[in-house]
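A short write-up of the structure that comes next.
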Amino acid sequence: MSMNDLFEAEIIDTYHYRLSYGGQSPFFNGLAAGKLVASKCTGCGFVWMPMRPICSNCYEKAEPLMLANRAELLTSIVLPNAPAHLAHLDAPVASALVRIDDADTCMKVFVVMPDGDFRKGRQLVARFLPEVQTIADFYFTAP
């Protein structure tokens, strides 16, 4: 059979399904409620953000822990264009690494600064989008 004999058809297939976040559901329920939910290990006490149901240090169970919606900016890269879900804010956006208060880990998030000041050490507060589906549906900004 030659390439000229192959029959091809373009098919577009769409699937609609519900995705469960399983053991990380408290984190996403927290985002929907405007709160940051981490997890604290019942063994070693390490605080994970974003949360995880099992500690990666000692493999003990981790319990949800509500954190204050505050963080410190550690480093950032200003984006040339805001992501579509943040474009309505009409302000400079950076992809940043932040340490959320009372967490033992850092988290990569979007930071929106109307004044364009993304200096290291800047104090931040979390803001939440009206609809939560992914981990990117919140951001930090100046208090």
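Quick notes on this one:
- One residue stands out in region 1-53 among those that are among the β-branched types (Val, Ile, Thr) and free of Cβ contacts under 8 Å to residues at least 12 places away in the same chain: the one that is farthest from Ala103 (Cα to Cα), namely Ile11.
- Verdict on Ala62 being under 25 Å from Glu131 (Cβ atoms) and either touching a Lys or Arg at 6+ places or on another chain (Cβ under 9 Å) or hydrophobic (A, V, I, L, M, F, W, C) (or both): no
- Exactly one residue out of Ser25, Ser2, Ser56, Ser20 is loosely packed, with under 10 Cβ neighbours inside 10 Å and closer than 24 Å to Lys108 by Cα: that is Ser20.
- Looking only at region 93-114, and only at residues there that are closer than 15 Å to Ala82 by Cβ and out of contact with any helix residue (DSSP H, G or I) (no Cβ under 7 Å at 6 or more places or on another chain), the one that is surrounded by the fewest Cβ atoms within 10 Å (Cβ to Cβ): Pro114
Matching residues to (1) over 26 Å from Cys41 (Cβ atoms); (2) among the aliphatic types (A, V, I, L, M):
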site	(1), (2)
Met51	no, yes
Glu60	no, no
Arg70	no, no
Leu74	no, yes
Thr105	no, no
Pro114	yes, no
Asp117	yes, no
Lys120	yes, no
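- When region 59-73 is limited to residues that are more than 21 Å from Arg119 (Cα to Cα) and part of a strand (DSSP E or B), the one that is farthest from the chain's Cα centre (by Cα) turns out to be Lys61.
- Given (1) touching a Phe, Trp or Tyr at 6+ places or on another chain (Cβ under 6 Å); (2) over 19 Å from Asp115 (Cβ atoms); (3) polar (S, T, N, Q), index of the condition Ser76 fails: (2)
- Qualifying positions in region 92-130 - outside any strand (DSSP E or B) and among the β-branched types (Val, Ile, Thr): Thr105
- Residues located in region 75-92, provided they are hydroxyl-bearing (Ser, Thr, Tyr) and surrounded by 15 or more Cβ atoms within 10 Å (Cβ to Cβ): Ser76
Any read-out appearing in this document is the output of simple, stated calculations on the displayed coordinates, not a laboratory observation. Please read all numbers here as calculations on a predicted model, not as lab measurements. Glycine gets a Cβ as well: all are built from the backbone with ideal geometry, and neighbour counts include every protein chain shown.
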